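Below is one structure, written out as structure tokens; comments come after it.
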Amino acid sequence: MNEQSEPTTPAAVPAPAPPAAAAGGSTGGPREGSSAVVRGVVRDLLDLGSDPLPKMSRPRWLAWLPHVVLVYLAVYFRFLTMDQLHNHYDVNGGKVELLSVLVGVSVVVALRRPMAGFWLGLATAGVIAWTIHDHVGQGQSWPWMPAGIFAFAPVLLLVALRVRPQVTIGAVFVSIAFTGLAEGLFKPEHSATSAPGAALLFGFTGLLGYALRATRQARTKLVEQETLTEEERARRTLLEERSRIARELHDVVAHHMSVISIQAQVAPYLVENPTEELKENLAGIRANAVEALTELRRVLGVLRSEHGDESADLHHPQPTLAELEGLVDNVRAAGLEVTTEIAGIRRPLSPGVELTAYRIVQEALSNCLRHAPGARVEVGIAYGPRELHLCVANSAPTRAAAPSMGAGHGLLGMRERAGMLGGELAAGPRPGGGYEVSAVLPMDPVSPSGVVAPAPETKEKDV
């Protein structure tokens, strides 16, 4: 196999590239790049495809306002062109009606096909200049009539609003070049020049269109970026909460698996003359528990070190409802009036339910601090036979809340926690003012011995 993979003749080695090719086209490279840009601009100038004028989304009637204004200008310039051809340049006949109509049509066409309207307007201006050539009197402008310059400006503006800046420069250049060539080659005697006015107006129109186009694009990108940022913030908040839940789940499960492993290891010493089968079964139970701990550490343990500033808190005990009073005291110290009410027989629950209930109450009270300053808060906990009911409600705030970045994402974490246990969570405004968060969490069934598993005191440091 090794002999077949090696080249057998020098011909198998590719010949080195010539110096000119290896240089990456260094000779004539900038010239070829400039030619490509010019070809691209010419291609876009000759592109007569459809490119509708963008509409504003709100309000709906305002979206059609630019279209109405441009149609009105098209009609106005149509009659103005016909009037100047008749009264200023003394041109009569059916061609006057046709040319004046084409001036207005070029504006309407540019609404949907900007380059087609541009070439139609420029061609119409050329035909009008040829028609009035022999009718130009002393001091009358040529090749553009007074109405012609201002009628062509909206067309050039519609082009600049839809095409690339390079193409806008090309369109302005073509318009000014048309004026200069006509005056240089065919200027009638005693006529006034229209080149400076045309160059100034067309240049300003192109610059205005470019600025409006750049502003619209920047606004669109800003809206898109804000939308993406908000979605990313919500997604990141949800992922962080899920990671936190996964870490806590890891600790709860690891505690019970550690207890199983230790009990399986100690059990043979608690029985007088244990049989070999019992020892073997207990050893298998311990081996399976240790293996499960290893797999759990491999899958979820990486979440422990996700944030370096949490390393000191990895082995602290998980909070339970027994610490509710301390949580409420902290909120009272922050300035809220909080009352608590507990109904039913208070008893220890499974670690998952205890932790989830504590976190939901904690997050709900944090939301009250942020969004309802000065409000009265009521915390209710009801122990049912099979379910734990939580309710945190606040009255209307007495003063405006300070701005808070990322507000509202805490509900995602509370719903995630309740859903993890198969529970439900509802949140919304109260009829009389204020806000309410309520949750129903199912209680874990008791063990076959009838004793509820106690909550872990500390996390297992060696897991």
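Remarks
- Members of the range 333-370 found to be buried (at least 20 other Cβ atoms within 10 Å of the Cβ), over 21 Å from residue 427 (Cα atoms) and among the hydrophobic types (A, V, I, L, M, F, W, C), listed by number: 349
- Of the criteria (1) open to solvent by 40 Å² or more (accessible area, probe 1.4 Å); (2) of a type outside the set (Val, Ile, Thr); (3) touching a strand residue (DSSP E or B) at 6+ places or on another chain (Cβ under 9 Å), which one residue 190 fails: (3)
- Scanning the range 409-443 for residues that are surrounded by fewer than 16 Cβ atoms within 10 Å (Cβ to Cβ), among the charged types (D, E, K, R) and either within 31 Å of the chain's Cα centre (by Cα) or at pLDDT below 85 (or both) yields a single hit, 424.
- In the condition set (1) touching a residue at least 60 places away in the same chain (Cβ under 8 Å); (2) open to solvent by 10 Å² or more (accessible area, probe 1.4 Å), residue 145 is compliant with all but (2).
- Number of residues in the range 212-239 that are open to solvent by less than 50 Å² (accessible area, probe 1.4 Å) and of a type in the set (A, V, I, L, M, F, W, C): the value is 3.
- Annotation note: of 136, 167, 159, 163, the sole residue that is in contact (Cβ under 8 Å) with a residue 40 or more places away in the chain, over 28 Å from residue 49 (Cα atoms) and buried (at least 18 other Cβ atoms within 10 Å of the Cβ) is 136.
- The single condition among (1) at pLDDT 80 or above; (2) loosely packed, with under 14 Cβ neighbours inside 10 Å; (3) assigned to a helix (DSSP H, G or I) that residue 273 does not meet is (3).
- Residues of the range 93-118 classified as free of Cβ contacts under 8 Å to residues at least 12 places away in the same chain and closer than 18 Å to residue 144 by Cα, total: 1
- Of all residues in the range 119-133, those satisfying the criterion of being more than 41 Å from the chain's Cα centre (by Cα) and either open to solvent by less than 30 Å² (accessible area, probe 1.4 Å) or touching a residue at least 60 places away in the same chain (Cβ under 8 Å) (or both) are 122, 124, 125, 126, 128, 129, 131, 132.
The values are calculated or read from the model by the stated rules, or taken from the named source; none is laboratory data. Note that the structure is a prediction, hence the values are computed from the model and not measured. Glycine gets a Cβ as well: all are built from the backbone with ideal geometry, and neighbour counts include every protein chain shown. To get the accessible areas, we keep the full protein, side chains included, count just its heavy atoms, and leave off ligands, DNA and RNA. Shrake-Rupley method; radii C 1.70, N 1.55, O 1.52, S 1.80 Å.
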